[in-house]
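*Asks:* My questions all concern the structure below.
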Amino acid sequence: MKAQLLTLAALIASQAAWAESPLQFYADTIYRNANVITVNDAQPSAEAVAILDGKILGVGSDEDVLQLASDRTKMVDLKGLTMVPGFIDAHGHVMNTGLQAVSANLLSPPDGPVTDIPTLQNALRQWADKPVNKEQGFIIGFGYDDSQLKKQMHPTRYDLDAVSTDVPIMIIHQSGHLGVLNSKALDMLGFTAKSKNPPGGQIRRLPDSEEPSGVLEESAFFGALIPLFTQISPEENELLFQAGMKLYSKYGYTTAQEGRTMTDSVLAMYDIAQKEKLLLDVVAYVDIQLGTETMKAPYYGDGYKNGFRVGGVKLTLDGSPQGKTAWLTKPYLVPPQGQNAQYKGYPIMSDEEADKYVAMAMENHWQMLTHVNGDAAIDQYIHAVEKATKTYGAGERRFVAIHAQTAREDQVQSFKELNIIPSFFPMHTFYWGDWHAQSVLGDARAENISPTGWAMDRDMIFTSHHDAPVAFPDSMRVYSATVNRITRSGRVLGKDQRVNAMTALKAQTLWAAYQHFEEATKGSIEVGKVADLVLLSDDPLEINPLELADITVLSTIKDGKVIYAQQPDTADRSCAASKKCQALAAHTMMIAGLIPHKH
C-alpha cells in the first residue's frame with residue numbers, strides 16, 4: 001500500500017494541474033482516524049483519506065496516508081466517525097425542491113402538519129400571512145396527500161375558497177401529478193363546465209355536475225402549473241435553485257438531478273452556473289417533447305460547466321400510483337371518484353408517440369430517462385425500446401426506467417435483456433405502502449412495488465431515489481426504505497424485495513454514478529476520483545437496520561470543500577447520545593474552518 005501511494009503521488013505530481021512541480025506533492029487535507037466505507041470492492045474500508053485539489057490522493061491506513069502530508073496539510077481527526085461517498089441523486093427535481101422550500105408546507109406527519117382539511121387551510125393562511133408572502137399575487141402550497149387526510153379525499157375548490165376568494169390559490173399533491181385550484185384560479189385559467197379533458201389528463205368534476213371540482217390531473221394540472229412558472233423572475237428562479245441545492249446538501253447529496261425540465265429552466269440554471277460554481281453538481285434531463293433546443297453545446301455534451309450539465313432527455317408515459325393516475329394492466333383496488341370498477345389509469349401518449357420519442361433518443365445518442373409507474377406504461381416503454389433497438393442496434397445507452405413501481409418480474413427480466421437501468425422508489429413503502437395495499441393495488445401487487453429483490457436475483461444494477469419534492473431529499477430515509485420496506489403502520493411490505501445495507505448504499509452512490517455515466521469519477525472513495533464525501537453519525541453497515549433513518553448527516557464535502565456542516569447547537573438528540581457524536585462540536589467546527597487547526 002505504501003509503495004502504491006508513493007507511485008500514485010509521483011504520477012499526480014507530474015501533472016501541472018495537480019502540483020507545482022514533480023518534486024512538490026502533498027495533500028491539501030487529510031481526514032484520519034475515520035471509519036471509511038469506500039464502496040470500492042477492491043478496498044472496502046480504510047482509516048484515512050488524503051485530498052489534493054478536490055480529488056482523492058490517497059486512501060488507506062493512517063500510517064500510509066499520513067506520508068502524503070506536509071507542513072501545509074490540514075489534518076482532520078474524525079475520532080472514529082463514519083465517512084461514505086457523497087450521495088448521488090438518481091432521480092429528483094432539485095429546482096422544484098426549491099419551490100417546496102418556499103411554499104406552504106402541506107405535508108402530513110412526520111414531514112408536515114396537515115392531517116385534514118382544517119389543518120390544510122390553516123397552513124395556507126399562515127403562509128399567506130407572512131410578510132415575505134403578502135406581496136405575492138397568489139397563494140401556493142405543496143405536499144397535500146389525500147391518502148393521509150382524515151377523510152381520504154382531495155380538497156375541492158370550495159375548501160380553498162374558504163381561505164380566499166380574492167387571491168388565486170394552487171396546492172400541489174405530494175406526487176406532483178395532481179393539484180387543486182380555488183375558484184379564482186380556475187376562472188383566471190379559463191376552466192369551466194365546457195372545458196374538455198386534455199390528452200393525458202383529467203379535469204375532475206363536482207358530483208352530478210360538469211363544473212370543475214378544482215382537482216386537476218396530469219396534463220390538465222401541468223397546463224395550469226406552467227403559466228405560474230413563466231411568471232417567476234430570474235431572481236426568484238435563482239432563489240429556488242439555490243434553496244433546492246442547499247436542502248440537498250443537508251442530506252449529503254453532492255450530485256443532484258433536475259429530472260424533468262423545460263428550455264427556460266435549462267437556460268436559467270446554466271446562466272446561474274456561469275456567475276459562480278454551483279454548490280453541487282447538477283445534471284438536468286430535458287423534456288423530450290418540450291426542451292430539445294438545449295440538446296446541444298454548450299449545455300449538452302461537454303461535461304459540467306461550473307457544476308451544471310444537461311445529461312439527456314426525459315419521457316413521461318404515465319402518472320402516479322398513489323394519485324391513481326398511473327397506467328396499470330389490472331384495475332385499481334378502489335377506483336378514484338367518478339371512475340368505475342374497471343378503471344386502470346391512463347397513458348400520457350399513444351404507442352406510436354412513445355415509439356417515436358424512444359427512436360428519437362436512440363437516433364441522436366441521447367440518454368433517456370422514462371417515467372413509468374404502472375406496468376402498462378412499462379410494457380409500452382419496453383416495446384418501444386425493443387422496436388428502436390432493432391433499428392439502431394444495441395449500445396451503451398444506459399436508458400433508465402424511472403420509478404418502475406409496479407414492474408412485474410417478467411418486466412425486470414426485460415430490463416436486464418435491454419440494458420435498461422431501473423431507478424426504483426422504495427420510499428413508497430413507507431409513505432404510501434399501506435395506501436397501496438388497502439386502496440391502490442391490493443396486498444399481492446403492493447408487496448412487490450419497487451422490486452429491488454428481483455433485480456438482485458438477476459445481478460442487476462439498480463438505483464434508489466427520493467423524487468424530491470415528492471418527498472424530502474432525505475438520503476437516510478431512502479436508505480432505510482430500500483433495506484427495511486416498513487410502512488407507516490409498521491408492516492414489512494415485501495420482505496423478499498429487501499436488500500442488505502451495502503447494496504442499498506451502492507444504489508445511492510456507485511450505481512447512481514454509473515447511471516449518470518460518472519462511475520469513473522464519482523460514487524466511491526478511490527484514488528483519482530473527486531473528493532465528494534459525507535460524514536455520518538453512525539456506521540450504516542453496523543447499526544440496527546431499523547435505525548438507519550435516524551442516522552444524521554454531519555458534514556457534506558464537495559470537491560474537497562465542506563458545503564454543509566451540522567452546527568453543534570442543532571445536533572439531533574439521538575446523535576448527542578451517541579459516543580461518536582460527543583466530539584461533534586470540535587471536529588465539525590474544525591472541518592468547516594470555523595476555528596484554526598494546530599498541528
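*Asks:* So if I place +1 on the C-beta of Lys and Arg and -1 on the C-beta of Asp and Glu, and nothing else carries charge, what would the dipole magnitude of the chain be about its Cα centre? I want it in debye, nearest 20. Mind dumping the intermediate values first?
*Replies:* Details: 53 positive and 70 negative charges, 90 e Å.
The dipole of the chain has a size of about 440 debye.
*Asks:* Here's something else I'd like to know. Under a Cβ-Cβ cut-off of 11 Å, what is the net charge of the residues other than Asn122 that fall near it, where Lys and Arg count +1 and Asp and Glu count -1?
*Replies:* Details: positive: Arg125; negative: Asp116, Asp129.
Counting the neighbours of Asn122, the net charge comes to -1.
*Asks:* For each pair in Lys196/Lys387; Lys194/Lys387; Lys79/Lys250, compute the distance between the two Cα atoms and list the pairs where it is over 29 Å.
*Replies:* On the way: Lys196/Lys387 33 Å; Lys194/Lys387 40 Å; Lys79/Lys250 21 Å.
In this structure, Lys196/Lys387; Lys194/Lys387 exceed 29 Å between Cα atoms.
*Asks:* Let me check against my output: what whole-number percent is the relative contact order of the chain, with C-alpha pairs under 8 Å and at least 6 apart? Could the numbers behind the result be given before it?
*Replies:* Details: 1314 pairs, mean separation 90.0, N = 599.
It comes to 15 percent, rounded to a whole number.
*Asks:* Given the DSSP H assignment, sum -39500 (n - 2.57) over each helix run of at least 4 residues in the chain and divide by its residue total; what's the result at 222 nm in deg cm²/dmol, nearest 500? Working shown, then result.
*Replies:* Working: 21 runs with 187 residues, N = 599.
About -9000 deg cm²/dmol.
*Asks:* Mind jotting down the three principal axis lengths of the stretch 410-532 based on Cα atoms? Whole angstrom, largest first.
*Replies:* Taking the Cα atoms of the stretch 410-532, the three principal extents are 49, 32, 24 Å.
*Asks:* Next question. Taking amide hydrogens as modeled 1.01 Å from N in the peptide plane, which residues meet the under 5 Å criterion relative to Ser213, leaving out close sequence neighbours?
*Replies:* Arg204, Arg205, Leu206
*Asks:* Is the stretch 305-415 best put as rounded, prolate or oblate by its Cα gyration tensor, with a ≥ b ≥ c the root eigenvalues, rounded for a/c under 1.5, and otherwise prolate when a/b is larger than b/c, oblate when not? Walk me through the numbers on the way to the answer.
*Replies:* Working: a/c = 2.26, a/b = 1.72, b/c = 1.31.
Cα axes put the stretch 305-415 in the prolate bin.
*Asks:* Moving on to the next point. Let me have the relative contact order for the stretch 52-134, percent, based on Cα pairs under 8 Å that are six or more residues apart. List each step's numbers first, then the result.
*Replies:* Details: 27 pairs, mean separation 10.2, N = 83.
Value for the stretch 52-134: 12 percent.
*Asks:* In addition: Between the DSSP loop rule and a limit of at most 13 other Cβ atoms within 10 Å, which trypsin sites (Lys or Arg not before Pro) in the stretch 113-196 are left?
*Replies:* Lys150, Lys151, Lys194, Lys196
*Asks:* Still on this structure, please answer the following. With contacts defined as alpha carbon pairs under 8 Å and 6 or more residues apart, what's the relative contact order of the stretch 159-312 in percent? Please report the intermediate quantities before stating the final value.
*Replies:* Working: 218 pairs, mean separation 22.1, N = 154.
Over the stretch 159-312, the number comes to 14 percent.
*Asks:* For the stretch 195-307, what is the convex hull volume of the alpha-carbon atoms per residue, in Å³?
*Replies:* Values: hull volume 14.2 nm³, N = 113.
It is 126 Å³ per residue.
*Asks:* Taking Cα Rg over 2.2 N^0.38 Å as the quantity of interest, determine which of [x] 1.23; [y] 0.97; [z] 1.06 was computed from the displayed structure.
*Replies:* Evaluating Cα Rg over 2.2 N^0.38 Å on these atoms matches [y].
*Asks:* Check the straight Cα-Cα distances from Lys390 and name the aspartates and glutamates below 14 Å, setting aside those fewer than 8 residues away within the same chain.
*Replies:* Asp355, Glu363, Glu417
*Asks:* Pick out, in residue order, every one of the trypsin sites (Lys or Arg not before Pro) in the stretch 30-72 that is DSSP loop and has at most 10 other C-beta atoms within 10 Å; say none if there are none. Show your work: numbers first, answer last.
*Replies:* On the way: sites: Arg32, Lys55, Arg72; in loops: Arg72.
Sparse-neighbourhood loop trypsin sites (Lys or Arg not before Pro): Arg72.
*Asks:* Let me ask you something else. Could you order the peptides 466-477, 163-174 from most to least packed, using the average number of other C-beta atoms within 10 Å per residue? Before the final figure, lay out each step's value.
*Replies:* Values: 466-477: 25.6, 163-174: 21.1.
Packing proxy ranking, top to bottom: 466-477, 163-174.
*Asks:* Using the crude model of +1 on Lys and Arg Cβ and -1 on Asp and Glu Cβ, and no other charge, please compute the dipole size for the stretch 351-419 relative to its Cα centre, in debye to 20. Kindly include the intermediate steps, with their values, before the conclusion.
*Replies:* Values: 7 positive and 12 negative charges, 54 e Å.
Computed charge dipole of the stretch 351-419: roughly 260 debye.
*Asks:* Ok, one more. Just name one of Leu493, Gln405, Gln438: the one whose Cα is farthest towards the positive end of the charge dipole of the stretch 397-528 (beta-carbon charges, Lys/Arg +1, Asp/Glu -1).
*Replies:* Gln438
*Asks:* Then there's this: Which Cα, out of Thr82, Leu369, Thr509, lies furthest along the positive dipole direction of the chain (beta carbon charges, K/R +1, D/E -1)?
*Replies:* Thr82
*Asks:* Thr165 to Glu542: extension gain in nm, 0.36 nm per residue of separation minus the Cα-Cα distance? Could you put the intermediate results ahead of the total?
*Replies:* Working: separation 377, 0.36 × 377 = 135.72 nm, distance 5.48 nm.
Extra length from Thr165 to Glu542 when fully extended: 130.2 nm.
*Asks:* Here is a follow-up. If Lys and Arg each add +1 and Asp and Glu each add -1, what is the summed charge of the other residues whose beta carbon sits under 11 Å from the beta carbon of Ile88?
*Replies:* Numbers: positive: Lys506, Lys522; negative: Asp89, Asp281, Glu518, Glu519, Asp532.
Computed value for this residue: -3.
*Asks:* Using a 1.4 Å probe over the heavy atoms of the protein chains, calculate the carbon and sulfur portion of the accessible area of the chain as a whole percent.
*Replies:* On the way: 12260 of 23750 Å².
C and S fraction of accessible area: 52 percent.
*Asks:* In the chain, which longest range has no GluC sites (Glu not before Pro) that are both DSSP loop (not H, G, I, E or B) and surrounded by at most 14 other Cβ atoms within 10 Å?
*Replies:* Working: sites that count: Glu20, Glu135, Glu210, Glu276, Glu396, Glu542.
It runs 397-541.
The values are calculated or read from the model by the stated rules, or taken from the named source; none is laboratory data. Quick caveat: nothing in here was measured; it's all calculated off a predicted structure. Cβ atoms come from the backbone with ideal geometry, glycine included; neighbour counts cover every protein chain shown. All accessible areas refer to the heavy atoms of the entire protein, side chains included, with ligands and DNA or RNA removed. Shrake-Rupley method; radii C 1.70, N 1.55, O 1.52, S 1.80 Å.
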